[in-house]
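The values are calculated or read from the model by the stated rules, or taken from the named source; none is laboratory data. Note that the structure is predicted; figures quoted are calculated from it, not measured. Note that each Cβ is placed from the backbone with ideal geometry, even for glycine, and that neighbours are counted across all protein chains shown.
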Ligand code: AMP
């Protein structure tokens with residue numbers, strides 16, 4: 001396992017369906033630092049039926065963003081945990097200028113260097129297919145894509161024969177809402193980070209392992225030169 005040379009924040013940025021979660025996971029394994037997904041934390045709260053989950057559920061299912069206050073609160077709590085001391089990866093946070101300002105303050109208070117921002121770029125027609133084609137097995141958790149990686153039998157898991165399910169926010173109306181929220185509220189962060197820090201762009205329209213190889217190489221190189 002490689003080591004981060006600085007306790008740095010890595011931000012994985014990009015539209016829904018770009019593969020941020022997959023790439024963040026690969027980098028987390030390669031460098032031994034936590035992968036923090038606000039979407040995953042919110043889904044867990046919804047599953048457990050906590051007050052936070054109840055507050056977020058409706059907006060998530062319709063594809064809208066959850067309030068900055070809620071999301072910044074859970075992010076701050078997570079980043080204060082000891083496993084973040086040696087660096088961490090953010091996936092799906094920040095998503096608005098308000099959240100980005102909040103994070104800048106937090107990183108300053110924690111005495112961390114400038115974040116490394118990696119933008120995973122994917123054309124919108126590919127995103128639509130990735131999101132609308134995504135199916136999950138409710139038993140084993142395997143993820144398929146009806147266009148790019150279909151099961152042998154339509155809508156049925158190859159491993160255990162269970163009927164595949166579609167995430168509530170992968171239904172068509174919610175997908176459009178999520179992509180709109182990205183365009184209006186999140187895309188402006190590209191300029192926000194270009195002005196303040198270095199922003200690296202990676203072509204995300206390739207096999208996940210190929211993208212991961214580039215991302216890991218980039219992170220290694222940047223951390224070595226900024227040490
Ligand atoms: P994700 O798994 O990152 O696509 O997130 C799933 C959903 O969780 C989003 O569509 C939002 O409703 C909510 N969510 C996750 N992260 C954020 C965030 N940083 N700001 C606002 N809402 C968020």
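Quick check: is even one residue across the range 85-105 within 12 Å of the ligand (Cβ to nearest atom) and more than 25 Å from residue 194 (Cα to Cα)?
Within the range 85-105, not a single residue is within 12 Å of the ligand (Cβ to nearest atom) and more than 25 Å from residue 194 (Cα to Cα).
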Report summary line: By residue number, the members of the range 47-67 that are surrounded by fewer than 18 Cβ atoms within 10 Å (Cβ to Cβ) and touching a residue at least 24 places away in the same chain (Cβ under 8 Å) are 61, 62, 64
Requested in this report: Scan the range 167-192 residue by residue and report those that are under 17 Å from residue 98 (Cβ atoms) and in contact with a helix residue (DSSP H, G or I) (Cβ under 6 Å, 6 or more places away or on another chain).
Outcome: 189, 192
Requested in this report: Please note which helices (runs of 4 or more DSSP H) are completely contained in the range 140-227 and include at least 2 residues that are within 16 Å of the ligand (Cβ to nearest atom), under 20 Å from residue 10 (Cβ atoms) and modelled with pLDDT of 95 or more.
Outcome: 189-196
Query raised in the report: Restricting attention to the range 46-68, which residues are near the ligand (Cβ under 10 Å from one of its atoms) and part of a helix (DSSP H, G or I)?
Result: 46, 56, 57, 58, 59, 60, 61, 62, 68
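Of the residues in the range 8-34, how many are in contact with a strand residue (DSSP E or B) (Cβ under 7 Å, 6 or more places away or on another chain) and surrounded by 20 or more Cβ atoms within 10 Å (Cβ to Cβ)?
Result for the range 8-34: 14.
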Report task. Answer with yes or no whether residue 40 is assigned to a loop (DSSP other than H, G, I, E, B) and either farther than 23 Å from residue 114 by Cβ or touching a residue at least 60 places away in the same chain (Cβ under 8 Å) (or both). Result -> no
Query - One residue from 132, 72, 124 being within 29 Å of residue 184 (Cα to Cα) and exposed (fewer than 14 other Cβ atoms within 10 Å of the Cβ) - result: 124
